[in-house]
Number of protein chains: 4
Amino acid sequence: MLADQQFLRIPGPTPIPPSVQRAMNQTMIGHRGQEAKDLIQNIRPRLKPIFGTGQDVMVIAGSGTAGLETAVVNVAQPNDEVLVVVTGSFGDRFTKICEAYQLQTHIINVPWGEAVQPEQIEAYLKQHPSIKVVFTTFCETSTGVLNPIKEIASVVHQLSEALLVVDGVSCIGGVESRMDEWGVDVLITGSQKALMLPAGLTFVAASERAWKVIKENPRPRFYLNLSSYQNKLQEDSTPFTPALSLLFGLDQVLNLIEEEGFSEVVKRHELMKNMTRSACKALGVPLLTSDETASPTVTAIKPGDFDSEQFRKTVKQEFGLTLAGGQQQLKGKIFRIGHMGYTSPSDVLQTISLLEMGLYRIGKEVELGKGVAAAQAVYLNQ
Amino acid sequence: MLADQQFLRIPGPTPIPPSVQRAMNQTMIGHRGQEAKDLIQNIRPRLKPIFGTGQDVMVIAGSGTAGLETAVVNVAQPNDEVLVVVTGSFGDRFTKICEAYQLQTHIINVPWGEAVQPEQIEAYLKQHPSIKVVFTTFCETSTGVLNPIKEIASVVHQLSEALLVVDGVSCIGGVESRMDEWGVDVLITGSQKALMLPAGLTFVAASERAWKVIKENPRPRFYLNLSSYQNKLQEDSTPFTPALSLLFGLDQVLNLIEEEGFSEVVKRHELMKNMTRSACKALGVPLLTSDETASPTVTAIKPGDFDSEQFRKTVKQEFGLTLAGGQQQLKGKIFRIGHMGYTSPSDVLQTISLLEMGLYRIGKEVELGKGVAAAQAVYLNQ
Amino acid sequence: MLADQQFLRIPGPTPIPPSVQRAMNQTMIGHRGQEAKDLIQNIRPRLKPIFGTGQDVMVIAGSGTAGLETAVVNVAQPNDEVLVVVTGSFGDRFTKICEAYQLQTHIINVPWGEAVQPEQIEAYLKQHPSIKVVFTTFCETSTGVLNPIKEIASVVHQLSEALLVVDGVSCIGGVESRMDEWGVDVLITGSQKALMLPAGLTFVAASERAWKVIKENPRPRFYLNLSSYQNKLQEDSTPFTPALSLLFGLDQVLNLIEEEGFSEVVKRHELMKNMTRSACKALGVPLLTSDETASPTVTAIKPGDFDSEQFRKTVKQEFGLTLAGGQQQLKGKIFRIGHMGYTSPSDVLQTISLLEMGLYRIGKEVELGKGVAAAQAVYLNQ
Amino acid sequence: MLADQQFLRIPGPTPIPPSVQRAMNQTMIGHRGQEAKDLIQNIRPRLKPIFGTGQDVMVIAGSGTAGLETAVVNVAQPNDEVLVVVTGSFGDRFTKICEAYQLQTHIINVPWGEAVQPEQIEAYLKQHPSIKVVFTTFCETSTGVLNPIKEIASVVHQLSEALLVVDGVSCIGGVESRMDEWGVDVLITGSQKALMLPAGLTFVAASERAWKVIKENPRPRFYLNLSSYQNKLQEDSTPFTPALSLLFGLDQVLNLIEEEGFSEVVKRHELMKNMTRSACKALGVPLLTSDETASPTVTAIKPGDFDSEQFRKTVKQEFGLTLAGGQQQLKGKIFRIGHMGYTSPSDVLQTISLLEMGLYRIGKEVELGKGVAAAQAVYLNQ
């Protein structure tokens, strides 16, 4: 293994582009001066197309979970009935947050590895018309499922006045998102996934309907009070000291996305998904999710005949390739390949080639080059 | 003014040392792998002497205000009576957080620019024995006052069972702190002040007594639930994705502090305070605070005969020198010079020399070099 | 193509490891102070094993060609008869330098793509016993041939008193070099190849025999006077201002080499050569050089049935993959893949996978994955 | 002393601006591809105004001395009579190079610390009409003298056909240079002085008259053959691998100079000189040079009543302030303060304040603040 070389192929944190790294090194500035205002003003409008909204996107210093909690404490009023759609461990996190806040929490448990079917939500809401908020996950990081948000939004709004909150942490920036058009009320993401930054920022946008609820919501909250952020954003500022080095980087991330073209970015992620999946199929390595429900940003593999932890350890030690394991009920049962953010089809080919060698190393019969060939074919025939 | 040169002399964010900048550029790693564990394990014990505690210091991704809120939501139980000692705008922030959480909030309002006298707290607690938590500020950033925490702790514990929460955001890392010895129950700081990092991390340590309350506290909380951080820290991990690039930097910050020696760091801050104050006195520029109550990390100046905003604008435009203005009731009435973190006595001399020139520029009669001479004398006679 | 992603796979300049990049960012220092002395002292002994010598290695600010000229002007006395072994464009450069200095220049012209046979040199020296210096190339960058320096040295020293000068620019740091044991008199390299730095440094070591000639050589020279460097190196200094940022980087390069182990570095380069060659063979892409003479650092491909320039342009535009073209008589006829320095077997697999796709793109029939599979097999069976 | 803080105030190497540092971190590129062409094309026209010429400026990888030698070997033909004007150690270096190349070297020795008087050259050339090249120094780094190049050029061209070669290493980029207008035939500089880069590049421009001589000059030379650089520059390329990371930085240096405005840069250097000198006078610290001959980039101080080496050691150890000592005959007798490149009037004030404290520390009686006051007065009355 080459000293100082690492291949980080997990569903976040993801590698930082060199120009973003350089941007984060800019000389520190005061957070209340003109330079900071200019920076925020420059970032502000350019986040909107990535979320697919005309609303402002709030940027909060904190992990993605802080963003999830922001949604809960701002849109769910005390004693509200809420519905959480759990398709994996990050859906489960919504449950935990809702329960921590003593909401009347309904849960739709979907087998991990599957997407929720909008009909399930439809049926549930029919039975429970008093539900005020539906919490769901766009890309479920823990399984690599991309839930059908557009369709979910459609059934939610058809049947109820409930707000739809979507955790987009592990896909926004890598998939098409039409928050306004689809009718998503709150959309959350984090910096360390498709947005190519270190962890430390979470992003939250809310619909007009959601803002109305937020502003009337009597629930105690302070640091995560979305209204404070909105108020200050009108002056291109923040209520609390912003994580400026990450904002320096975010500005350059937006440059990179615009240089490539956001629709091209989305296509690239779709392509990387298809390449990864075709490779796995060609190699006879079982995928956790179906083609229809697979996320463009992360692919989960559920080995039938080898030990995923031994495999992960092998590729880490021998090639410096970091893959993610399973979480909670999937711990030890799956591994996950991230292909988002600063990752290219060329990187996917490299990852597949290392996957093949890792399989060989742990004794699995594998036809070398077959996965790569399948991925190449996908690329060439796109 | 030299292109690409800035002198950031505000009480946070502060300049980043070059070696810390480089450290933050380390190749991104997985947050659940061995590298992250090693990093956290390396940082963990070295934060303790800076806080002056044998307890673990929790590191949370968020602004300093998230740290303040962490204290409130973890130690104050619903309906608790609490006392907030307000000596400036950050004491006021504690009030706002307590009120947001509907605590029965008592307030001791100290004129801004003065320190609280422990006797005031003593008297108040005698009258209100049901107070469960006292919130106070170590260095009040908005005025440059350093409140007498040791003495405060003494009266608090003598009189009551109340927990003492201390906001140390703008001084921890630059002043002596003996949390355990003094009897501070919760001590909070942030990354972007004396700790020489970009904003984005807040640090919270709690005493054994505080932990007992925290663990029994039924108040809803999730992202800021201190117990989650403590539990995960036992495995050198974090409950939510940590802001890894800042942790890379923190590791190097600790190297720098240890290289200089923490007691030397403390002396350097004391010296910078004395240099700055002597210079102001020599120049006839009125200080907001008394010598006895002045903070080693920030000095507030209350001009009698010139416009502080015009002055700040002048030195910014002509020399690239960023000073802080006043906040809230002090807005437009004072300006503040930060001298903490990656700042040396040599930098103070430079700042004073620019201060003199700025005063001249706005038409104030000033004997050039007199402030510098006074600061030099302090340095040389230390 | 992903914005901000480039794959630089030419035989120099080569990619810079991230930790070397960071090291080069160290705060500038005086070149005559203790810090500079410490730096040079730290570098000095650690260059020797890479050259395979007990002699000091001089570090000169300049391109590799400055190093070649250093050899010529220091060891060849005016009017000397010298022999240049030309196996490609860098052998040719030696000829040009020798001719510029009006030496009586004999040339052995070896067909480009072949290595010289020691017997050729043996025969030539027998016929021309008055030859004082033999100039030869270790790795001929322009063809990817590694000339048999050990055997060449053996015949040279057996037959004559001639000094043997070896251009190791495109291989030292990636291949075994036993300068002292083999009897190489002057060995030269550059920073931007296997030594993983930007261009700007050239390195020259000389044997005791060579030093004797150098010191008595009356030829005018100043900046490239090797004796000046040797004299100053005794005090861990340089005669002229050194390129300090590159020396900062060099120090870290040596750390990386030592961390991996230099013999492991050599094995890695050998492996990357074998992987690349096996892949080309599997794909039916003709190699310019034979297995016996191929360099571990660069592989030249001589396409029979496709246009190498069109191919290079295609992979550059579509994948950001930079390959080198042919030089001089090989211009437009070959392309070259660099696999040296900060390049791993994993990078080779990626390069091969892109090579396959590039071939497909320009219309060549290619069995996708076959080259990758061959390279993987080499890796796994090493 | 603050860990990780250094004040580098020597006449080169000089501090690197942060944005230049970042620019040098750009991902490495091939030196023969379009990116390199674009880079060179972007740099090429922007160097000309800094030299004050319509001619191309050649950029060569090497130290400043390589640039001096480039001048010698390109314009002086074998056996030429040449005149070297020696006003310090870098004039002396020209002598050594000329003598190394066995030129008939005439020398005008000017006492170190004084500028040459054009009349001296006039008289000399009258007596020696066969002199073909006059070598002189613009800013003599070792003494801080700025020789009157305009006047020298005038007498040289009035009296003879000799070419005028000027070593501008330690001032070009910080002083006005009108190469074409004044009639300078060869002008040389280096990267690590007023051009704010690490060492490793030297720059050479030649007049039309000089090019004529260069092209007909039969002297052997190769790496430093200026014609090779000129030829390749027509294609925005270089004959040998360029030091790309430094070129990345150079591009940003030119941005910074243009942002400030080159005439402003020149004024800033003039101002820094006057500030430094006034401070020294106010402090009773004797200057080596007269006001009329002092360079805007470096000031030499010749202490009457204290030990300059002890002083330098003291300020280095206590404040991290690096000053330069004397060279050759001035060793131990003077010290030098650099104020060029990435240095501002604010930095000069800081340096003066540390100078005062250093003088105090070594026991010299000094009125604190007096030097700073004098420097401030210069700044404010400009």
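Across the residues of A:214-223, average count of Cβ atoms on other protein chains within 10 Å? Display every interim value, and only then the final one.
Numbers: counts 0, 0, 0, 0, 1, 2, 12, 5, 14, 16.
Mean shielding count: 5.
Would you mind listing the distances between the D:Glu258 label point and the same position in each other copy? Use 7 Å along Cα-to-C-beta, nm, one decimal, shortest first.
Copy-to-copy label distances for D:Glu258: 2.0, 4.4, 4.7 nm.
Go through C:Gln328, C:Leu254, C:Gly190 and say which Cα lies farthest out towards the positive end of the charge dipole of chain C; charges sit on Cβ, +1 for Lys and Arg, -1 for Asp and Glu.
Highest projection toward the positive end goes to C:Gln328.
With a sphere of radius 15 Å drawn around the Cβ of A:Tyr223, what net charge do the other residues whose Cβ falls strictly inside it have (Lys, Arg +1; Asp, Glu -1)?
Neighbourhood net charge equals +3.
State to the nearest 20 debye the size of the charge dipole of chain A about its Cα centre, where the only charges are +1 on K and R beta carbons and -1 on D and E beta carbons. Before the final figure, lay out each step's value.
Numbers: 35 positive and 40 negative charges, 125 e Å.
Using only the charged Cβ atoms, the result is roughly 600 debye.
To the nearest whole number, what is the average tally of beta carbon atoms from other chains within 10 Å of the beta carbons of peptide B:155-165?
Working: counts 0, 0, 0, 0, 0, 0, 0, 0, 0, 0, 0.
Counting other chains' Cβ atoms within 10 Å and averaging over B:155-165 gives 0.
Is region C:109-184 rounded, prolate or oblate when judged by the Cα gyration tensor, a ≥ b ≥ c being the square roots of its eigenvalues, rounded requiring a/c under 1.5 and prolate requiring a/b larger than b/c? Working shown, then result.
Numbers: a/c = 2.18, a/b = 1.36, b/c = 1.61.
Oblate, because a/c is 1.5 or more while a/b does not exceed b/c.
Within region B:221-277, list the GluC sites (Glu not before Pro) lying in a DSSP loop whose Cβ has at most 15 other Cβ atoms in a 10 Å radius. Walk me through the numbers on the way to the answer.
Working: sites: B:Glu235, B:Glu258, B:Glu259, B:Glu260, B:Glu264, B:Glu270; in loops: B:Glu235.
Here the sparse-neighbourhood loop sites are B:Glu235.
For chain C, just say rounded, prolate or oblate: build the C-alpha gyration tensor, square-root its eigenvalues into a ≥ b ≥ c, call rounded for a/c under 1.5, and beyond that prolate if a/b exceeds b/c, oblate if not. If you can, show how the numbers build up before the last one.
Values: a/c = 2.01, a/b = 1.30, b/c = 1.55.
Verdict is oblate for chain C.
For A:Gln34, which inter-copy label distances result when the label point lies 7 Å beyond Cα on the Cα-to-Cβ vector, reported in nm to one decimal and in ascending order?
3.8, 4.5, 5.3
Before we go on, tell me the buried accessible area for the D/C pair, both chains summed, 1.4 Å probe, in Å² to the nearest 100.
3600 Å²
Could you order A:Thr14, D:Thr314 so the one with the most accessible surface comes first? Probe is 1.4 Å.
Values: A:Thr14 5, D:Thr314 30 Å².
The most accessible residue leads, giving D:Thr314, A:Thr14.
Structure shown: which of A:Lys316/A:Lys370; A:Lys331/C:Lys193; D:Lys193/D:Lys232; A:Lys281/A:Lys313; D:Lys212/D:Lys331; A:Lys150/C:Lys313 lie over 32 Å apart, alpha-carbon to alpha-carbon?
Working: A:Lys316/A:Lys370 22 Å; A:Lys331/C:Lys193 44 Å; D:Lys193/D:Lys232 26 Å; A:Lys281/A:Lys313 22 Å; D:Lys212/D:Lys331 41 Å; A:Lys150/C:Lys313 41 Å.
Too far apart for the 32 Å limit: A:Lys331/C:Lys193; D:Lys212/D:Lys331; A:Lys150/C:Lys313.
Given the options C:Ala243, C:Ala61, C:Ala205, which has the most mean-square fluctuation in a GNM of chain C, springs set between C-alpha atoms less than 10 angstrom apart?
It is C:Ala243.
Among DSSP beta bridges whose residues both lie in the protein assembly as shown, state the antiparallel percentage, nearest 5.
Numbers: 80 of 168 bridges.
Of the beta bridges lying entirely in the protein assembly as shown, close to 50 percent run antiparallel.
Run the paramagnetic zone check for B:Ser130: 7 angstrom along Cα to Cβ, then residues of region B:99-120 with backbone nitrogen under 14 Å.
Within reach of a label on B:Ser130, which here means backbone N under 14 Å from a point 7 Å along Cα→Cβ, region B:99-120 contributes B:103-106.
Given R₀ = 25 Å, FRET efficiency for C:Lys232-C:Lys48 by Cβ-Cβ distance, to 0.05? Present the calculation step by step, with values, prior to reporting the outcome.
Numbers: r = 18 Å, r/R0 = 0.70.
For C:Lys232 and C:Lys48, the calculated efficiency is 0.90.
Rounded, prolate or oblate: which fits the protein assembly as shown when a ≥ b ≥ c are the square roots of the eigenvalues of the alpha-carbon gyration tensor, with rounded for a/c under 1.5 and prolate only if a/b beats b/c? Present the calculation step by step, with values, prior to reporting the outcome.
Values: a/c = 2.32, a/b = 1.24, b/c = 1.88.
It comes out oblate by the Cα gyration axes.
Using a Förster distance of 51 Å, how high is the FRET efficiency between D:Glu318 and A:Glu119, based on the Cβ-Cβ distance and rounded to 0.05? Before the final figure, lay out the partial values.
Details: r = 76 Å, r/R0 = 1.50.
Between D:Glu318 and A:Glu119 the formula returns 0.10.
Using a 10 angstrom cutoff on alpha carbons, build the Gaussian network for chain D and name the most mobile of D:Gly174, D:Gly200, D:Gly261.
Its mean-square fluctuation being the largest, the pick is D:Gly261.
May I ask you to derive the FRET efficiency for C:Asp305 and A:Glu270 from their Cβ-Cβ distance with R0 = 22 Å, giving the value to the nearest 0.05? Present the calculation step by step, with values, prior to reporting the outcome.
Values: r = 34 Å, r/R0 = 1.55.
Once rounded, the FRET efficiency stands at 0.05.
Looking only at B:Phe335, B:Phe319, B:Phe94, which one moves most when chain B is put into a Gaussian network model with springs between Cα atoms under 10 Å?
Answer for the Gaussian network model of chain B: B:Phe319.
Can you list the aspartates and glutamates whose alpha carbon is less than 13 Å from that of D:Lys96, not counting same-chain residues fewer than 8 positions off?
Output for D:Lys96: D:Glu69.
How well do other chains shield peptide A:340-348, expressed as the mean number of their Cβ atoms within 10 Å of each residue Cβ?
Working: counts 0, 1, 5, 2, 8, 7, 13, 4, 2.
Per residue, the number of nearby Cβ atoms from other chains is 5 on average.
Viscosity 1.567 mPa s, temperature 4 °C: what is the translational diffusion coefficient of region C:286-325 from Stokes-Einstein with a Kirkwood Rh over Cα pairs, rounded to a whole number of µm²/s? Write down the numbers at each step before the final one.
Values: Rh = 11.3 Å.
For these conditions, the coefficient is 115 µm²/s.
Expressed as a whole percentage, what fraction of the accessible surface of the protein assembly as shown belongs to carbon and sulfur atoms when a 1.4 Å probe is rolled over the protein heavy atoms? Please list the in-between numbers first.
Details: 22090 of 47960 Å².
Ligands and nucleic acids excluded, carbon and sulfur give 46 percent.
For C:Ile362, B:Ile60, give me the order by solvent-accessible area with a 1.4 Å probe, most accessible first, ignoring ligands, DNA and RNA. Numbers along the way, then the final one.
Details: C:Ile362 35, B:Ile60 0 Å².
Correct descending sequence by accessible area is C:Ile362, B:Ile60.
Averaged per residue, what accessible area in Å² does the protein assembly as shown show with a 1.4 Å probe, protein chains only? Numbers along the way, then the final one.
On the way: 47960 Å² over 1528 residues.
Result: 31 Å² per residue.
Select from region D:1-33 all residues whose loss of accessible area on going from the chain by itself to the full protein assembly reaches 50 Å² or more (probe 1.4 Å).
Residues passing the criterion (a loss of at least 50 Å², heavy atoms only) are D:Leu2, D:Ala3, D:Asp4, D:Gln5, D:Pro13, D:Gln21, D:Arg22, D:Asn25, D:Thr27, D:Met28.
List every DSSP H helix in chain D whose Cα atoms extend 30 Å or more along the helix's own long axis and whose mean Kyte-Doolittle hydropathy is at least -1.0. Write out the running numbers ahead of the final one.
Values: long enough: D:262-283 (32 Å, -0.36).
Membrane-span-like by this rule: D:262-283.
DSSP beta bridges in region C:18-258, what fraction antiparallel, as a percent rounded to 5?
Details: 12 of 32 bridges.
Within region C:18-258, antiparallel bridges account for around 40 percent of the total.
Check the cysteines of the protein assembly as shown one by one and keep only those with no other cysteine Cβ under 4.7 Å from their own.
A:Cys98, A:Cys280, B:Cys98, B:Cys280, C:Cys98, C:Cys280, D:Cys98, D:Cys280
The values are calculated or read from the model by the stated rules, or taken from the named source; none is laboratory data. Treat the numbers as computed from the prediction; the structure is a model and nothing was measured. As a convention, Cβ positions derive from the backbone with ideal geometry for all residues, glycine included, and neighbour counts pool all protein chains shown. Side chains are part of the model used for accessible areas, which takes the heavy atoms of the whole protein and leaves out ligands, DNA and RNA. Shrake-Rupley method; radii C 1.70, N 1.55, O 1.52, S 1.80 Å.
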